[in-house]
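Input: a single structure, listed below in structure tokens.
Bear in mind these aren't lab numbers, they're just calculated from the coordinates by the rules spelled out. Since this is a predicted model, take the numbers as computed values, not measurements. Positions of Cβ are generated from backbone atoms using ideal geometry, with glycine treated the same way; all protein chains shown enter the neighbour counts.
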Amino acid sequence: MYGEVEKVIFLANEITNEKEMEMAARKQHDQLVKKEEELRLASLDLQMKLEESGLKRKEETGRFRREILQLTHLLDELPHAVITINNLGFVLFVNQRAEELWKVKREEVKGTRAGEMFPGQDGNTAVGSFADPALSKKTGIHAAQKILLPGDRSIERDILIIRTDLEEEVHFTLVIL
């Protein structure tokens, strides 16, 4: 009889242990389900924020493009030729008046070396230093500068050279007054 009681106690302990493990497993399962729901909600929130960010970026890109078009139009309406290069001497912008003076289209000269627009220009002049990336640029207004143009043409005008320091490079703009 004493052995039967031990068996009953043993079985009761086993059942109790199994129930405790089952309850612990259920608790862990419930916690995992809760975490899974939290992750799903966080994922939905992140997706919504990403979509909002994409829309905001699209709006800002559109606004930036409109501003670029407005500034390009403004520069095209100036009665002065405007040419912008970077510190490596590549042409970044040419306005309509410069197109007319050089008898070129901006698409043709954009990305070319500034020296190609000013062949034979003396490096000791303000215009020559503007065109040569190896020379320091003489910013400011320069009076009566001789500018060599294609077709053996030349003009003598006052010019303005402007330096613009950007985060990663420097731009120089030549305005023929």
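Between GLU18, GLU67, GLU108, the GNM of the chain built on Cα springs shorter than 10 angstrom shows GLU18 fluctuating the most. Taking GLU37, GLU59, GLU14 in turn, the Gaussian network model of the chain (Cα-Cα springs below 10 Å) assigns the largest fluctuation to GLU14.
Within the set of other residues whose C-beta is less than 14 Å from the C-beta of ASP158, count the net charge using Lys and Arg as +1 and Asp and Glu as -1. In short, +2.
Could you tally the net charge around PHE118, taking each other residue with its Cβ under 12 Å from the Cβ of PHE118, Lys/Arg +1 and Asp/Glu -1? Taking every other residue near PHE118 into account, the sum is -1.
Computed from label points 7 Å out along Cα-Cβ, the spacing between LEU177 and LYS7 is 11.5 nm. Evaluate E = 1/(1 + (r/R0)^6) for LEU78 and LYS58, where r is the Cβ-Cβ distance and R0 equals 41 Å; express this FRET efficiency to the nearest 0.05. Taking R0 as 41 Å, the efficiency between LEU78 and LYS58 is 0.85. Segment LYS110..THR16, full-extension length gain: 25.5 nm, with 0.36 nm per residue of separation and the alpha-carbon distance subtracted. A Förster distance of 45 Å, applied to the separation of the beta-carbon atoms of LYS49 and ILE141, puts the FRET efficiency at 0.35. Couplings 3J(HN,Hα) for region 9-16, derived from phi with the Karplus relation 6.51 cos²θ - 1.76 cosθ + 1.60 (θ = phi - 60°), are 5, 4, 5, 5, 4, 5, 5, 4 Hz, where x marks Gly and Pro.
The modelled label-to-label distance for the pair ALA134/LYS103, using points 7 Å beyond Cα in the direction of Cβ, is 3.0 nm. Put a plus charge on the Cβ of each Lys and Arg, a minus charge on the Cβ of each Asp and Glu, and nothing anywhere else: the dipole of region 78-176 about its Cα centre is then about 240 debye. Note on region 78-176: Cα Rg divided by 2.2 N^0.38 Å, N the number of residues, gives 0.96.
When the charge dipole of region 78-176 is built from unit charges on Cβ atoms (+1 for Lys and Arg, -1 for Asp and Glu) and taken about the Cα centre, the candidate among VAL170, SER154, PHE130 whose Cα reaches farthest toward its positive end is SER154. Here region 33-52 and region 114-177 have alpha carbon centers that stand 57 Å from each other. D for region 1-70, whole µm²/s, Stokes-Einstein with Kirkwood Rh over alpha-carbon pairs at 4 °C and 1.567 mPa s: what number? Diffusion coefficient, whole number: 74 µm²/s. Length gained on full extension, MET23 to ARG163: 43.0 nm, using 0.36 nm per residue less the C-alpha separation. Placing +1 on the Cβ of every Lys and Arg and -1 on the Cβ of every Asp and Glu, with no other charges, gives the chain a dipole of roughly 940 debye about its Cα centre. Once the chain from GLU37 to GLN70 is taken as fully extended at 0.36 nm per residue, the excess over their C-alpha distance is 7.0 nm.
Taking the inverse of the mean reciprocal distance over all distinct Cα pairs, the Kirkwood hydrodynamic radius of the chain comes to 22.1 Å. Bridging of LYS34 to lysines at a Cα separation below 16 Å is possible for none of them, once same-chain residues fewer than 8 apart are set aside.
Taking the Cα centre of region 1-70 as origin and assigning +1 to Lys and Arg Cβ atoms and -1 to Asp and Glu Cβ atoms, the resulting dipole is close to 800 debye. Using a Gaussian network model of the chain in which every pair of alpha carbons under 10 angstrom is joined by a spring, one finds that among VAL109, VAL33, VAL94 the greatest mean-square fluctuation is at VAL33.
Put +1 on the Cβ of each Lys and Arg and -1 on the Cβ of each Asp and Glu in region 78-176; which of PHE90, HIS80, GLY115 then has its Cα farthest toward the positive end of the dipole? In region 78-176, that residue is HIS80.
With helices as the sole contributors, the chain gives -19000 deg cm²/dmol at 222 nm; each DSSP H run of n ≥ 4 counts as -39500 (n - 2.57), and the sum is divided by every residue.
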